[in-house]
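Below: the structure, in structure tokens.
FYI, it's all coordinate maths here, none of it is from the lab. Predicted model only: the values in this text are computed from it and were never measured. When we count neighbours, we look across all protein chains shown, and the Cβ atoms used for this are built from the backbone with ideal geometry, even at glycine.
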2 protein chains.
Amino acid sequence: MKLKEIGEFGFIRRVSRGCLVRPERVLRSIGDDAAAFRPGPNEIGLVTTDLLVERVHFLRNATTGFNLGYKSLAVNLSDIAAMGGIAREAFVSIAIPEDCPVEFLEDVYRGMRSLAARHDVNILGGDTTGSKVDLVINVAVYGSVEETRMLCRNTARAGDVVLVTGNLGDSRAGCHLIINDLPVEDDDRKHLFKAHILPEPHLEEGRFLAESGSVHAAIDVSDGLSSDLGHILTESGVGAFLDGAAIPVSGELRRFCESQGEDPVRYALAGGEDYVLIATAAPDHADDLSHRFEKYFQRPLTPIGKITSGDSFCVRFPDGREEIVKPAGWDHFKQ
Amino acid sequence: MKLKEIGEFGFIRRVSRGCLVRPERVLRSIGDDAAAFRPGPNEIGLVTTDLLVERVHFLRNATTGFNLGYKSLAVNLSDIAAMGGIAREAFVSIAIPEDCPVEFLEDVYRGMRSLAARHDVNILGGDTTGSKVDLVINVAVYGSVEETRMLCRNTARAGDVVLVTGNLGDSRAGCHLIINDLPVEDDDRKHLFKAHILPEPHLEEGRFLAESGSVHAAIDVSDGLSSDLGHILTESGVGAFLDGAAIPVSGELRRFCESQGEDPVRYALAGGEDYVLIATAAPDHADDLSHRFEKYFQRPLTPIGKITSGDSFCVRFPDGREEIVKPAGWDHFKQ
């Protein structure tokens with residue numbers, strides 16, 4: 001089916017089905033100038049978003065619509081998780097080329113809605129426009145958090161324990177498989193592939209950390225452990241000392257690294273798109289926090305090092321060598 | 001200056017200067033996973049936005065950065081105005097190609113900030129990413145409005161007077177000048193050009209209408225008077241009868257239409273990007289509303305027709321002929 005057969009409003013009607021999972025807090029969604037919803041009692045929040053595009057494009061052949069939609073929402077939810085927030089409403093701007101089949105686009109929204117529904121997030125609106133060649137998607141998410149519970153990047157303190165909510169490096173390995181067009185047949189590779197394609201935003205984990213009252217700072221791992229912890233260090237004016245042997249890596253990643261002649265610790269440090277959370281917690285509460293986390297999630301909240309005074313960021317590798325980490329970060333313009 | 005000389009974070013530092021005009025309601029802005037701000041007492045709102053792009057592009061040579069930035073925010077503020085809302089926070093996603101000079105980009109943000117500051121809007125964050133060829137901008141705006149004052153599209157009532165907050169058609173004429181590469185030298189053409197390039201969002205006018213308590217429905221004119229009033233009619237399940245002679249058009253547009261052999265009423269009806277507001281008001285309050293509006297803004301709030309029961313949308317032209325309007329709307333996929 002071609003888009004021009006159903007038109008813009010026909011398309012919007014098709015993709016807007018199932019977008020409201022919590023209609024009770026919504027006054028106006030798709031079909032008005034802005035979305036209107038209740039961020040709290042006696043209060044209405046509005047969000048509108050517009051996409052300005054001349055000619056856009058995407059590697060449509062290298063992904064399914066579902067995976068593209070899922071991930072474009074997941075990365076935003078992960079940002080809300082990193083603030084300790086509750087994700088509430090999502091806004092999707094999309095610029096669509098004439099030759100893009102409706103089926104692919106419906107799959108994009110199916111991917112988004114599947115993730116949104118699991119986290120009680122409404123897709124409330126956005127903008128739909130044309131594009132000369134390529135597909136562009138912009139997702140905006142509105143969330144809320146209590147002032148006293150909000151987790152920031154700039155509030156780590158010397159002495160804090162550095163904790164992570166899940167394994168690191170799997171997504172990078174999955175990305176390697178895709179880029180090099182390697183077969184994804186055995187269970188190990190399927191696991192790594194999925195970690196990259198369908199990352200799980202740690203919203204519940206973020207709320208748990210925020211509600212604990214023991215966490216000082218947090219961030220989600222989008223650019224990689226070293227880069228993202230680096231942001232906390234820079235913003236908080238502190239350093240860190242990590243125990244490389246403690247960094248949690250999956251069995252799948254260990255076996256992948258062995259086959260590739262890679263060191264799993266270095267691989268995990270320089271990974272990216274893991275979308276687990278890094279948190280720093282007061283040292284006298286970190287053990288208790290980890291115990292309660294593991295009891296609740298049936299997965300560890302793993303201590304991997306300490307926040308230090310000063311500004312050095314150092315890792316001790318399993319062989320005993322210590323190295324200074326350059327938290328270069330992913331720079332879209334320099335790389 | 002090339003972007004790679006200053007890098008992503010250097011760029012963000014440069015463009016984030018002057019973005020906070022109301023810092024007292026902001027907890028976290030650029031530099032955290034999401035922006036955090038107070039939508040009301042004891043409440044924190046978060047918004048995050050992400051731009052996914054493969055290869056994007058823009059007619060960079062046909063605009064200044066300032067005008068591009070200004071308009072990309074203006075169209076969003078106009079949506080908030082159409083809800084009777086107060087615009088609060090803006091979020092800018094931008095995908096930047098390597099060859100785009102920093103000066104152009106700074107000019108984009110200068111255009112946005114200039115408009116944002118005039119309307120007490122913070123630019124709170126967004127996303128910065130690279131692009132293969134073309135420039136893409138997505139702006140999201142958060143606003144607020146009291147539940148009892150919100151103006152929607154679906155609440156027009158038969159008998160309402162249809163009012164507009166400004167002249168129609170100027171922007172379309174300005175667009176015609178640009179597309180046909182016509183000289184913009186005399187004052188008339190400068191006026192039409194400016195109406196298209198630097199439209200003024202009617203935020204204050206929208207608040208005035210919302211606070212009046214007399215307005216039932218409203219929308220901003222982005223696609224054109226006939227299309228946008230058409231949205232109100234469709235959503236409200238009503239019709240309309242417009243008096244073509246009453247539709248406000250500027251002297252500049254009248255002279256332009258004369259030189260082009262165009263009928264100014266038809267031109268205004270089919271215009272677009274005017275960003276004035278259409279409102280429908282209870283008939284026994286419309287006169288008083290217009291009087292108070294004119295006293296406050298020193299410009300008329302012009303009655304141009306009536307909402308009718310049924311679903312026909314009819315215009316009486318100055319020569320006495322009556323025609324049914326097809327509120328086709330701008331469809332990005334069908335046209």
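Most tightly packed first, judged by the mean number of other beta-carbon atoms within 10 Å of their residues, the peptides A:245-256, B:249-260, A:221-232 read A:221-232, A:245-256, B:249-260.
Across the stretch B:302-309, rounded Karplus estimates of 3J(HN,Hα) from the backbone phi angles (6.51 cos²θ - 1.76 cosθ + 1.60, θ = phi - 60°) give 8, x, 10, x, 10, 7, 10, 6 Hz, Gly and Pro being marked x. The Cα center of the stretch A:59-103 and the Cα center of the stretch B:282-309 differ in position by 43 Å. P(r) tail, the stretch A:238-335: Cα-Cα pairs separated by more than 17 Å, 61% of all pairs. Hey, which of these cross-link pairs are over 23 Å Cα-Cα: B:Lys71/B:Lys190; B:Lys194/B:Lys326; B:Lys71/B:Lys194; A:Lys71/A:Lys326; B:Lys132/B:Lys194; A:Lys71/B:Lys132? Long pairs (Cα-Cα over 23 Å): B:Lys194/B:Lys326; A:Lys71/A:Lys326; B:Lys132/B:Lys194. For B:Gly125, the residues whose modelled amide H falls within less than 5 Å of its own, excluding neighbours fewer than 5 places apart on the same chain, are B:Val92. Shielding value for A:72-82 is 4, the average number of Cβ atoms from other chains within 10 Å of each residue's Cβ. A point 7 Å from Cα along Cα→Cβ stands in for A:Asp99, and the other copies hold the same point at 2.3 nm, listed in rising order. Of interest is the spacing of the C-alpha centroids, which for the stretch B:241-263 and the stretch B:130-167 amounts to 25 Å. Each other copy holds its own label point for A:Lys295; taking that point as 7 Å from Cα along Cα to Cβ, the gaps run 6.8 nm, nearest first. Alpha-carbon geometry of the stretch B:95-142: the Rg and the Dmax are 11.9, 34 Å, given in that order. For B:Val184, the label point sits 7 Å beyond Cα toward Cβ; its separations from the matching points on the remaining copies run 4.9 nm, from shortest to longest. Note on A:Asp288 and B:Asp288: with the Förster distance fixed at 56 Å, the Cβ-Cβ geometry gives a FRET efficiency of about 0.30.
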